[in-house]
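The values are calculated or read from the model by the stated rules, or taken from the named source; none is laboratory data. Every value quoted in this text rests on a predicted model; they were computed, and no experiment measured them. FYI the Cβ positions are ideal-geometry reconstructions off the backbone, even for glycines, and counts take in every protein chain you see. Ligands, DNA and RNA are excluded from the accessible area calculation, which covers all protein heavy atoms including side chains. Shrake-Rupley method; radii C 1.70, N 1.55, O 1.52, S 1.80 Å.
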Amino acid sequence: MGKIKRIGVLTSGGDSPGMNAAIRAVVRTAIYNKLEVVGIRHGYNGMINSHFKEMKTFSVSDIIARGGTILKTARSAEFRTPEGRQTAYNNLKKAGIDGVVVIGGDGSLTGARTFCDEYSDIPFVGIPGSIDNDIYGTDYAIGYDTALNTVIEAVDKIRDTASSHNRLFFIEVMGRDAGFIAMNSGVACGAEAVFIPEIPDQVRGLKDYLEKGFKRKKSSNIIIVAEGDDEGGAMTIAEKVKEDFKEYDVRVSILGHIQRGGSPTAYDRVSASKFGYYAVEALLDDQKSVMVGFKNGEIVHTPFSKITKMHKSVNPELIKMAEVLSV
Ligand code: F6P
């Protein structure tokens, strides 16, 4: 075993279903390896304000099925300042924490990278957690599967009313500036079209599609819109389409934060457990400034420097396939 004796664990950024399963795996793997574990509450703000809590095996009992995060989370503005990070470092030192596991998305891992560049004597290991699934260096991020299932459940229900009333529905989903949730929920629900930030100027194409559909007497349609689309959100796109298609009865539905909650799916629970286990193993192996992730089903470790520089985008073949399947 390496020199690490006491580790901290925190969740940061937007919560995602499965974060609790990851916390549980970190705490239990650490205790199994005779490490002490400290829960850092409220994301990086907890480091700055010394919101530390000793964690035992029972502290994480009965949480694997719960959405959200028992450690709470935040997007910390203070941690983006050198003064904030200095205070965080001093507090970690004072608390005897000599390794940290950060569970979060792009912004949280960027924060970890900056901190580790300034203070290299406390190793950090990251776990990808974001419903957006947009983190470079991993095929999968905790929460994505649950969010996708929440979206398809909602869209299937909307489809019932769309076809009963012959309506054209624009449904806006989350994803920040990436189209993973939109594209995969679109495929899973048989959407007629999907608007994603990765494809510019889609309104013209949709109008052509609707024109042809109208001639074929196709009267109900589901269009999924990623919130970060360059044409604007579902509301804006619906307005643009309505101008030319007065005959369509148009409705807009914005799914919102319902996508972030709920009990994690089996896939999220198992993935989060693996990430938690391998993150602690990485610290014990003297690894630092890396994120654990999946590549083709295998655990991989990607340096923070790469994650924060590179961009992950939707597979063009999936985009092509979705188009083919919606003819
Ligand atoms: O990153 C997760 C996410 O849910 C995005 O999909 C969304 O754009 C954003 O967080 C919403 O953030 P907030 O909860 O701060 O409104």
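Grab the beta carbon distance between K212 and Y32, set R0 = 45 Å, and tell me the FRET efficiency rounded to 0.05. Mind showing how you got there, number by number?
Details: r = 60 Å, r/R0 = 1.34.
The computed FRET efficiency comes out at 0.15.
Compute and list, largest first, the equivalent-ellipsoid semi-axes of segment 237-301 from the alpha carbon gyration tensor, each √(5λ) rounded to a whole angstrom.
Working: eigenvalues 404, 43, 22 Å².
Output for segment 237-301: semi-axes of 45, 15, 11 Å.
Protein chains only, probe 1.4 Å: how do R66, R113 rank by accessible area, largest first? Intermediate results must be reported in sequence, preceding the final value.
Values: R66 125, R113 75 Å².
Ranking R66, R113 by accessible area, largest first, yields R66, R113.
What distance in nm separates the simple spin-label points at R251 and E78, each placed 7 Å from Cα in the Cβ direction?
4.6
Residues of segment 171-295: accessible area per residue at 1.4 Å, in Å²? It would help to have the intermediate numbers written out before the result.
Values: 5470 Å² over 125 residues.
Normalised by residue count, the accessible surface of segment 171-295 is 44 Å².
Output the peptides 6-17, 196-207 sorted from most to least packed, where packing is the average of other Cβ atoms within 10 Å over each peptide's residues.
Values: 6-17: 26.9, 196-207: 16.0.
Averaged packing, sorted descending, gives the order 6-17, 196-207.
For segment 61-78, in order, what is each residue's ³J(HN,Hα) by Karplus, 6.51 cos²θ - 1.76 cosθ + 1.60 with θ = phi - 60°, in whole Hz (x at glycine and Pro)?
These are the phi-based 3J(HN,Hα) values: 5, 6, 10, 4, 8, 9, x, x, 9, 5, 7, 6, 8, 6, 9, 8, 6, 5 Hz.
Please report the Cα spread of the chain along all three principal axes, rounded to whole Å, starting with the longest.
Here the spans come out as 71, 37, 34 Å, largest first.
For the chain, what is the mean residue ellipticity at 222 nm derived from helices alone (per DSSP H run of n ≥ 4: -39500 (n - 2.57); sum divided by total residues; nearest 500 deg cm²/dmol)?
Values: 11 runs with 136 residues, N = 327.
Estimated from H runs of four or more residues: -13000 deg cm²/dmol.
Using alpha-carbon pairs under 8 Å, 6+ residues apart, how would you state the relative contact order of segment 144-260 in percent? If you can, show how the numbers build up before the last one.
Working: 205 pairs, mean separation 44.6, N = 117.
Relative contact order comes out at 38 percent.
Eigenvalues of the Cα gyration tensor times 5, then square-rooted: what semi-axes does that give for segment 1-121, in whole angstrom, largest first? If you can, show how the numbers build up before the last one.
Values: eigenvalues 92, 63, 26 Å².
Working from the Cα gyration tensor, I get semi-axes of 21, 18, 11 Å.
Report Rg(Cα)/(2.2 N^0.38 Å) for segment 82-208, keeping two decimals.
Values: Rg = 20.5 Å, N = 127, 2.2 N^0.38 = 13.9 Å.
Here the Cα radius of gyration is 1.48 times the empirical estimate.
With an 8 Å cut-off on Cα pairs and a minimum separation of 6 or more residues, tell me the relative contact order of segment 220-327 in percent.
Details: 42 pairs, mean separation 11.3, N = 108.
So the answer I get is 10 percent.
Using only Cα atoms, what is the ratio of the radius of gyration of segment 144-260 to 2.2 N^0.38 Å?
Working: Rg = 13.1 Å, N = 117, 2.2 N^0.38 = 13.4 Å.
Against the compact-globule rule of thumb, the ratio is 0.97.
Taking all protein chains as present, what is the carbon and sulfur share of the accessible area of the chain, in % to the nearest whole number, probe 1.4 Å?
Working: 7290 of 14330 Å².
Result for the chain: 51 percent of the exposed heavy-atom area is carbon or sulfur.
What residue among G126, G111, G293 shows peak mean-square fluctuation when the chain is described by a Gaussian network model with Cα springs under 10 Å?
With Cα springs under 10 Å in the chain, the top fluctuation among G126, G111, G293 is at G111.
Arrange the peptides 216-225, 173-182 so that the one whose residues have, on average, the most other Cβ atoms within 10 Å appears first.
Working: 216-225: 19.7, 173-182: 25.7.
Ranked from most to least packed, the peptides come out as 173-182, 216-225.
Can you give me the relative contact order of the chain as a percent, contacts being Cα pairs under 8 Å and 6 or more apart?
Values: 735 pairs, mean separation 77.4, N = 327.
Relative contact order comes out at 24 percent.
What is the spin-label model distance, in nm, from Q86 to A266 if the labels are put 7 Å beyond Cα along the C-beta direction?
In this crude label model, Q86 to A266 measures out at 5.3 nm.
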